[in-house]
Amino acid sequence: MRRMTIKSFLKSVTPPIIIDLLKTSVVHPVKEVASVSTLLKNKESVQSDEYIRWLCQITGGFLTAGNGNIVAFDHAVRHMPNDGAIIEIGSFLGLSTNIIIYLTAKHGRKNQVYNCDPWQFEETGKPVGGYFDASSVEFRNYVMQVYTMNLQVFSGDREPHTIENTSEQFLRQWAARSTVTDVFGKEAILGGPISFAYIDGAHTYEAAKSDFLGIDRHLLPGGFVLFDDSSDDSPFDCKRVVAEVMSNPNYEMISRMPNYFFRKKS
Ligand SMILES: C[S@@+](CC[C@H](N)C(=O)[O-])C[C@H]1O[C@@H](n2cnc3c(N)ncnc32)[C@H](O)[C@@H]1O
């Protein structure tokens, strides 16, 4: 009979969800502040949320139910300061936007969502699978129309202010407190404090750094920032920014599931 090591015994009696969480967010030398029980509770509640599971199945995008980003959204929405905006950089078809807005409704939060995307796919490169040209005008129109409909259908009574712009331009307008027209044809007055930011736009180091600096100026103490594709094994250069945030004394890391999620210290 094969001898069981302590490690294999513990593995055999530990539920898979706990193993998964331990792998992704706890047993790392870096200090993380959210307690294991809070993260587990959030992860379970997000994974079993019937609406999020359904929305992830029927909407195009990059998130699946139980994805660590959604657990971080849930944590941020529950714990962020009341008085600031929620900012999303990079909206694509609106899946993450609709999930964040749903979570504000679920947790009774009133923070307004603002987001931006230039929806410019010209530099997409060679045809996808050698077959589809995602740099075409037709694809851009498709994405913008589907985004607009996704938000009108699923977040109609809590529509965000979505600005068709790069984050660089959007954050400049935010700092200048500009009045702009959003993609739904509504007037939006930008600017003011920020409670939570999700950075998921251009994935270069330069873009992610400039997004972080543009947000940091307005992020309230106790506010959160989540960097998509910042995991240790991410192929994207944007992950280099998180090392700088880690050494910023104003921030503490909440978790990595596997993307880095920070809180600005109070
Ligand atoms: C990964 S997708 C976003 C996915 C979306 N957050 C979701 O989870 O459903 C990245 C998006 O960032 C947008 N993007 C690219 N460069 C950008 C920039 N400089 N500023 C803002 N958004 C940008 C792209 O057009 C694309 O729609």
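Quick notes on this one:
- For the range 51-115, the Kirkwood estimate of hydrodynamic radius, built from reciprocal distances between every pair of different alpha carbons, is 12.0 Å.
- For the chain, the equivalent ellipsoid derived from the Cα gyration tensor has semi-axes of 31, 22, 19 Å, listed largest first.
- Here the chain is assigned +1 on the Cβ of each Lys and Arg and -1 on the Cβ of each Asp and Glu. Its dipole about the Cα centre then comes out at about 1300 debye.
- Pairs beyond 19 Å (Cα-Cα), from Lys43/Lys264; Lys209/Lys264; Lys41/Lys106; Lys106/Lys239: Lys43/Lys264; Lys106/Lys239
- Working from Cα pairs under 8 Å separated by at least six residues, relative contact order for the chain is 19 percent.
- Alpha carbon centroid spacing (whole Å) that separates the range 97-157 from the range 41-72: 17 Å
- Fraction of the pair-distance distribution of the range 121-188 above 14 Å, Cα-Cα pairs, percent: 68 percent
- Of Pro221, Pro235, Pro81, the residue with the greatest mean-square motion in the GNM of the chain, using alpha carbon springs below 10 Å, is Pro235.
- With Cα atoms, 0 to 90° folded angle of helix 205-216 axis to the chain main axis: 80 degrees
Rule-based calculations on the coordinates, nothing more; no lab input. Since the structure is predicted, the reported quantities are computational estimates derived from the model, not experimental observations. Because the Cβ atoms are built from the backbone with ideal geometry, glycine has one as well, and the counts that use them run over all protein chains shown.
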